[in-house]
Amino acid sequence: MNEPKWLDRDEMRAWRGYVAMSEMLEARLGQDLRKVGLSSADYTVLVLLSEAPGHRMGLSDLCAEAQWSKSRVSHQIRRMQERGLVTREGDADDPRRARAALTGSGAEALRVAAPVHVEGVRGYLLDHLTREQQAHLVDIARSVLPHLSSAPLPPELRSEDRSGAEPPER
């Protein structure tokens, strides 16, 4: 077995800084969402459904967009369905497939949670970065994500547009 190529001091600082920042950021955003009755996973599903045509999405498409396993999506949809946030329905085009649909309660939960989430994203991260640093984060994501998944980049990362236009907030 080959000896691993150990991280040098600068690589270790970059890695550990990223891990600490990522874990703390996710924890804080998750705490904020719990205050309005949602988990981070709930919020992800609600956002994806709210952006989908007709507020409906095939479960396999939801898997791809959220980068989750079929089992995780199935369990998440079941839990959210029990709370009235989504419904599970058959796909008229393919009876073997199931779709998730946003309910009125789910849309209302998202309406309440979105300002809380965007305030956290700004307050915990974006307000502490220059526009140039934010652009570097986009460049880093574009460089790394293709090596982690064969799924296409999220739409927000595909465009070179840096006009300041506001994309949908996730």
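At q = 0.13, 0.14, 0.20 Å⁻¹, what base-10 log of I(q)/I(0) does the Debye formula yield for the chain when every alpha carbon is treated as an equal point scatterer in vacuo? One equal scatterer on each Cα of the chain leads to -0.78, -0.89, -1.48. Placing dummy labels 7 Å off each Cα toward the beta-carbon, the span from A27 to R83 is 2.2 nm.
With the whole protein complex present, Y43 retains an accessible surface near 10 Å², based on a 1.4 Å probe.
Shape summary: segment 2-64 maps onto an equivalent ellipsoid whose semi-axes, from the alpha-carbon gyration tensor, are 35, 19, 8 Å in decreasing order. Under 5 Å from the amide H of V86 lie the amide H atoms of Q81, T103, each residue being 5 or more positions distant or on a separate chain, with H modelled from the backbone and absent for Pro and chain starts.
Using a 1.4 Å probe over the heavy atoms of the protein chains, calculate the carbon and sulfur portion of the accessible area of segment 6-119 as a whole percent. Please list the in-between numbers first.
Details: 3760 of 7040 Å².
C and S atoms contribute 53 percent here.
Across T103, T130, T87, mean-square fluctuation computed from a Gaussian network of the chain (C-alpha pairs under 10 Å connected) peaks at T130.
In the elastic network of the chain, a GNM with C-alpha springs shorter than 10 Å, the most mobile of A141, A20, A98 is A20.
The values are calculated or read from the model by the stated rules, or taken from the named source; none is laboratory data. Being a predicted model, the structure only gives us computed values, none of them experimental. Don't worry about glycine lacking a Cβ; one is built from the backbone with ideal geometry, like all the others, and counts go over all protein chains shown. Quick note on the areas: whole protein, heavy atoms, side chains included, nothing else; ligands and nucleic acids left out. Shrake-Rupley method; radii C 1.70, N 1.55, O 1.52, S 1.80 Å.
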